[in-house]
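Since the structure comes first, as structure tokens, the remarks are kept for the end.
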Amino acid sequence: MNDPALDPALRTTSDTFIRQLERLLELEERKRATPIDDPVFPALAREVEDAAGALLERASQQTALSVEAHTEAVEADGAGTIEQIPADLTPAGILGLWRDAERRLEQSQPDTREHRELTQHVVALRGAYQAAYRRLGQRQEAVPSRATET
């Protein structure tokens, strides 16, 4: 079974949200440190407003993805966290994570919470690897080979 929470869009949206939030904080700190009578002050205020608007848009996207992932995770009877979603969801990246999870599973004690969670994680990574491999194959099929381009 493929873990619905391994959707890279959820990780990407969350990562982008954090970067936008950090940018908003930087802008607000610059504005706070700028004298109010400085000609740059109103422009900084507009930048803060624009950054806040973009952040709200990203929050809406993240909410939609989160609701969808939550529903799928509940139906799948469990999932991990956004932080556990690999940033590198290429087949090679997932394969490395899968192998690491398999090694940790072998070292864990049966009948423990850790063992059950690792088992779910291994199954999820197997499904994610298969899906990523299929996606890669579909992309390669969509690209015409040079032999047919004559």
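Does Thr148 qualify as being over 21 Å from the mean Cα position of the chain (by Cα), modelled with pLDDT under 85, loosely packed, with under 12 Cβ neighbours inside 10 Å and of a type outside the set (D, E, K, R)? Against the criterion (over 21 Å from the mean Cα position of the chain (by Cα), modelled with pLDDT under 85, loosely packed, with under 12 Cβ neighbours inside 10 Å and of a type outside the set (D, E, K, R)), Thr148 qualifies.
The rows are residues; the columns are (1) modelled with pLDDT under 85; (2) among the hydrophobic types (A, V, I, L, M, F, W, C); (3) not assigned by TED's automatic domain parsing to the domain that holds Thr13.
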| site | (1), (2), (3) |
| --- | --- |
| Ala52 | no, yes, no |
| Ile94 | yes, yes, yes |
| Arg135 | yes, no, yes |
| Glu141 | yes, no, yes |
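Look at the range 28-40: where a residue is exposed (fewer than 14 other Cβ atoms within 10 Å of the Cβ) and a partner is in a loop (DSSP other than H, G, I, E, B), sitting 6+ places away or on another chain with Cβ atoms under 7 Å, you get Val40/Thr34.
Do we find that Ala128 is hydrophobic (A, V, I, L, M, F, W, C), outside any helix (DSSP H, G or I) and modelled with pLDDT under 80 in this structure?
Details: hydrophobic (A, V, I, L, M, F, W, C): yes; outside any helix (DSSP H, G or I): no; modelled with pLDDT under 80: yes.
So Ala128 does not fit the description; no.
Per this entry, Glu29 is not counted among residues that are at pLDDT below 85 and closer than 22 Å to Asp15 by Cβ.
The values are calculated or read from the model by the stated rules, or taken from the named source; none is laboratory data. All of these numbers come straight from a predicted model, not from anything done at the bench. All Cβ positions, even for glycine, are placed from backbone atoms using ideal geometry, and neighbour counts span all protein chains on display.
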